[in-house]
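This report refers to the structure that appears directly beneath it.
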Amino acid sequence: MARRYAIFQREAAGLFVEKNNVYNNVFVEYGVVGIYVRIRDKIATLFSTHRTESDESVVEHFLDIANYALMGAMIGHFELKPGQQCEHLYAAVNGDELGERKLRCIHCCNEISY
Ligand SMILES: [Zn+2]
């Protein structure tokens, strides 16, 4: 089961990076109350629709809820505040198909090539 869990952890992490690159850390602006609202809305959607647990949209909602929970935990743990500059902590990520090497900040997902 741990291996299956890890599969969804990676999936959730990929979704977070993908969406956060578009929304540019806006979750910090929402604050924890904004996070509660988004989790509540996701749960309300799950309650209001009649889908099976294997429905992909249900799976996606659960992954979104997991990511919102982690965003809330990050806001609290790292004391993230709107407008705060990130103290980047870069880690190597796989380069693109052209072989470009990249570093990605583990906090804000900012990427730099080298
Ligand atoms: Zn950063």
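Every number in this text was worked out from the coordinates using simple rules, so none of it is lab data. If you're wondering where the values come from, they're calculated on a predicted model, not measured in any experiment. Backbone-built Cβ (ideal geometry, glycine too); neighbour counts: all protein chains shown.
Highest GNM mean-square fluctuation among 46, 98, 80, for the chain modelled with Cα contacts below 10 Å: 98. Helix 2-23 and the longest principal axis of the C-alpha atoms of the chain enclose an angle of approximately 70°. In the frame of its principal axes, the chain has Cα extents of 49, 33, 25 Å, reported largest first.
With the radius of gyration and the Kirkwood radius both derived from the Cα set of segment 1-60, what is their ratio Rg to Rh?
Values: Rg = 13.7 Å, Rh = 13.4 Å.
Rg divided by Rh gives 1.02.
The loop-placed trypsin sites (Lys or Arg not before Pro) in segment 1-80, going by DSSP, that have at most 15 neighbouring Cβ atoms within 10 Å of their Cβ come out as 51.
Ignoring the sites themselves, what is the longest stretch of the chain with no GluC sites (Glu not before Pro) in a DSSP loop and at most 13 other beta-carbon atoms within 10 Å?
Working: sites that count: 53, 79, 87, 97, 100.
That would be 1-52.
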